[in-house]
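Report on the following structure.
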Amino acid sequence: MNLNLQKYKPYYKDSLGLAIPVVLSQVGHTLVQLSDTIIVGQFAGTDALAGVSLSISTFLVPLAIGLGISYGITPLIAQHNGRENFAECGKLLSNSLLLNILTGLVLFSVVYGVMQLFIDKLHQDVAVVAQAKPFLLLLSISIIPLLIFDAFKQFAQGLGFTKQAMYITIVGNILNILVGIVLVKGMFGIKPMGIRGVGYSTLIDRCLMAIAMGTYVFRSPAFKKYLSSFKLINVQWIRIKQLLKIGMPVALQATFELSAFGGASILIGTIGPVQQAAHQIAISLASMTYMMASGVSSAAAVKSGNYFGAGKHHHLRLSAISNYHIVIGFMCVTAVIFAVCNQWLPWMYTTDRQVIQIAAQLLIVAAFFQLFDGTQVVGLGILRGMGDVNKPTVITFVSYWIIGLPIAYLLGIQLNWGVKGVWYGLVCGLMASSIMLFIRFHKISHSNQSKLQAG
């Protein structure tokens, strides 16, 4: 076993060096939701906590679409950098930045114009809906600076520069927590804002992060050779199509997965606000570990893109498998933490004993699906770096909407298993996705190696 693992050793080091800053940066997206959830749960009560759950669940699909489109630039940058085509990288950034701004404006309009009406039709508790609406509005505005930040972040990440985004994200989240507490609780002469306070803190945080990341990219000498061809007005449809060719399937992949989880939250909301609040606690913790695994996935996409662009298919396979090893080891650790600490972790969010009891049960289920959650997102990242995005999109749709969510509805609602039944359905979806994506990677990587040897 040691001899078998020895050949992956250089790739572990290479992957971890790139992945660790990306992991910490990716966690930033979830830390915003996590801190919002904790602050509201501690200072605004159970109805407000359920309102956060409803808002975030409603917002997941637009957010997934926006982030998915922004990810389209990363494998393209990695591949062109692998071919030393530096001028093309700057041109792609020009088009990606404009595309992200337009996407943010469209998504804001959709959330503000449609979701605010749609949320009244979900058969949720009236008090919860009243809490959710103002928070949802502020979240929808914040997607515009978030996508601007992501345009610069994904550009830098595709070139292997990951630490600055990590630093900006860490500082931004500290600011989000401090401002959120001040506004929600009401301090220093400011009247308590309740759930709206975390909405304002999230918006402020994302605006400052966008400014900081853009300043870093334009001023750093490391990007000078890539930005010589950057012109914001130099938009070309051929590059927009390239970005959308990868970004739209990635957006659909994220949409199918996150909308299934959002749909599960809405199903749980029909059971009751206590169950919905417990679900929000458990899913926010599971989302944290998912985003860490997503960081490994992003690093895997960059490395597989580099090797794919350079035609080094043997190295691509070894690097990809090393990332599978890394995420499996990490998710096994988080599974143990969830299982051992399931009674204690919910206390970070609330003192409501009924909510804590249900959340503790859900964390046991979350411990079980950690392995599948990690391996499926890494599989998507590896295939994305290789430019394979269409069939993985079909896999995610089948896994979550044909398998996962229907089973969640059957077990949770029809068979009256309640919130745990809904979560069992999610486990089935994650398991199906993980297995099918690995089979897809195994098939393509072997095929590429065989073609190279035959040539």
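Below, the figures for the structure above:
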quantity: Using a Förster distance of 41 Å, the FRET efficiency for residue 218-residue 420 (Cβ separation, nearest 0.05); calculated: 0.25
quantity: Distance in nm between pseudo-label sites at residue 233 and residue 318 (7 Å out along the Cβ direction from Cα); calculated: 5.0
quantity: Dipole of segment 156-235 [Lys/Arg +1, Asp/Glu -1 at C-beta], most positive-end residue of 216, 226, 156; calculated: 226
quantity: Histogram of C-alpha separations across segment 302-377, 10 Å bin width, %; calculated: 19, 31, 23, 15, 10, 2
quantity: 4 °C / 1.567 mPa s Stokes-Einstein diffusion coefficient of segment 265-320, Kirkwood radius on C-alpha pairs, µm²/s; calculated: 94
quantity: Kirkwood Rh in Å, taken over segment 163-261 so that all alpha-carbon pairs contribute; calculated: 16.9
quantity: Cα-based helix-to-principal-axis angle, 46-70 vs the chain, degrees rounded to 10; calculated: 20
quantity: Segment 168-259 - accessible surface per residue (Å², probe 1.4 Å); calculated: 53
quantity: About the Cα centre, charge dipole magnitude for the chain (Lys/Arg +1, Asp/Glu -1 at Cβ), debye; calculated: 1380
quantity: Mean Cα-pair separation over length for the chain, i.e. relative contact order, pairs under 8 Å, 6 or more apart, %; calculated: 24
quantity: Estimated distance in nm for a label pair at residue 170 and residue 225, the labels positioned 7 Å out from Cα along Cα-to-Cβ; calculated: 2.9
quantity: Rounded FRET efficiency, nearest 0.05, which uses the C-beta distance separating residue 270 from residue 435 and R0 of 35 Å; calculated: 0.70
quantity: Top positive-direction residue, dipole computed over the chain with Cβ charges, set 309, 263, 294; calculated: 309
quantity: Prolate/oblate/rounded label for segment 136-202 (Cα gyration tensor, a/c 1.5); calculated: oblate
quantity: Binned Cα-Cα distances of segment 233-338, short to long, each 10 Å bin given as a whole percent; calculated: 12, 27, 32, 19, 9, 1
quantity: Descending principal axes extents, segment 355-443, alpha-carbon based, whole Å; calculated: 44, 23, 16
quantity: Loop-exposed chymotrypsin sites (Phe, Trp or Tyr not before Pro) per DSSP, neighbour cap 13 Cβ within 10 angstrom, longest uninterrupted part of the chain; calculated: 1-187
quantity: For segment 358-404, the fraction of alpha-carbon pairs in successive 5 Å shells from zero, as %; calculated: 5, 18, 20, 21, 17, 10, 6, 3, 0
quantity: The chain: calculated mean residue ellipticity at 222 nm from DSSP helix runs of at least 4, using -39500 (n - 2.57); calculated: -28000 deg cm²/dmol
quantity: Cα Rg over Rh - the chain, Kirkwood; calculated: 0.96
quantity: The chain: angle of helix 86-110 to the longest principal axis, Cα-based, in degrees nearest 10; calculated: 20
quantity: Rounded Å value of the spacing that divides the Cα centres of segment 172-251 and segment 319-396; calculated: 26
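The values are calculated or read from the model by the stated rules, or taken from the named source; none is laboratory data. Everything numeric in this text was worked out from a predicted model, so none of it was measured. Ideal geometry is used to build each Cβ from the backbone, glycine not excepted, and the neighbour counts take in all protein chains shown. Accessible surface areas use protein heavy atoms only, side chains included; no ligands, DNA or RNA. Shrake-Rupley method; radii C 1.70, N 1.55, O 1.52, S 1.80 Å.
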